[in-house]
Amino acid sequence: MLLRPNQNCRIRKTTGETDVYGVPIAGPQVVERCAIIRLNIKNEKSSVRADTSASRGNARELVADTMFLLTKNTVAAIDDLLIFGDQKYWIVSKFPRHDLQGKLDHYEVTCSIWRACDESASSC
């Protein structure tokens with residue numbers, strides 16, 4: 001076994017349904033062990049449609065560059081929600097990693113920031 005998971009994360013499967021904003025609805029959560037390879041979150045300028053205007057308008061948004069390793073028994077899939085600490089991430093890729101004998105050892109998942117509206121949020 002190559003993977004030595006040292007953190008707890010939570011996985012919430014998406015149900016296939018969406019809310020009124022088109023955001024996937026996540027189901028109940030499952031606690032899993034994981035390892036963090038990369039967890040870079042930054043607040044960057046993003047261009048807006050009026051970028052060609054004289055004011056050179058822009059907005060700021062959180063951008064994540066993340067990679068987690070999950071065990072071979074994970075329930076996580078692409079488009080599911082991964083929660084680590086207080087931050088929610090959207091799984092955008094899932095790649096199987098094998099040991100030297102060719103057996104599945106773990107999964108490498110990359111994520112972006114989950115942009116869903118919370119019930120506690122005052123606006124979306």
Output the qualifying pairs, or none if there are none: Cβ atoms under 9 angstrom, residues six or more apart or on different chains, first residue in the range 86-102 and assigned to a strand (DSSP E or B), second residue among the small types (Gly, Ala, Ser) and at pLDDT 90 or above. ILE91/ALA76; ILE91/ALA77; LYS94/ALA76; LYS94/ALA77
For ARG33, which of the numbered conditions (1) open to solvent by 80 Å² or more (accessible area, probe 1.4 Å); (2) more than 15 Å from ASN73 (Cα to Cα) fails to hold? (2)
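If I ask for residues that are closer than 29 Å to LYS103 by Cβ, in contact (Cβ under 8 Å) with a residue 24 or more places away in the chain and part of a strand (DSSP E or B), which ones from the range 3-33 would you list? Walk me through it before giving the result.
Here is the first cut: in the range 3-33, the residues closer than 29 Å to LYS103 by Cβ are 3-14, 29-33.
Remaining after also requiring in contact (Cβ under 8 Å) with a residue 24 or more places away in the chain: 3-14, 29-30, 32-33.
Matches in the range 3-33: GLN7, ASN8, CYS9, ARG10, ILE11, ARG12, LYS13, THR14, GLN29, VAL30, GLU32, ARG33.
Within the group ARG38, ARG12, which residue is among the charged types (D, E, K, R), in contact with a Leu (Cβ under 7 Å, 6 or more places away or on another chain) and modelled with pLDDT of 70 or more? Walk me through how you get there before you give the answer.
Details: ARG38 fails: in contact with a Leu (Cβ under 7 Å, 6 or more places away or on another chain).
Selected residue: ARG12, the only one of ARG38, ARG12 that is among the charged types (D, E, K, R), in contact with a Leu (Cβ under 7 Å, 6 or more places away or on another chain) and modelled with pLDDT of 70 or more.
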Is it the case that ILE78 is modelled with pLDDT of 75 or more, part of a loop (DSSP other than H, G, I, E, B) and on the phi < 0 side of the Ramachandran plot? yes
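The values are calculated or read from the model by the stated rules, or taken from the named source; none is laboratory data. Since this is a predicted model, take the numbers as computed values, not measurements. When we count neighbours, we look across all protein chains shown, and the Cβ atoms used for this are built from the backbone with ideal geometry, even at glycine. The accessibility values were calculated without ligands, DNA or RNA, using every heavy atom of the protein model including side chains. Shrake-Rupley method; radii C 1.70, N 1.55, O 1.52, S 1.80 Å.
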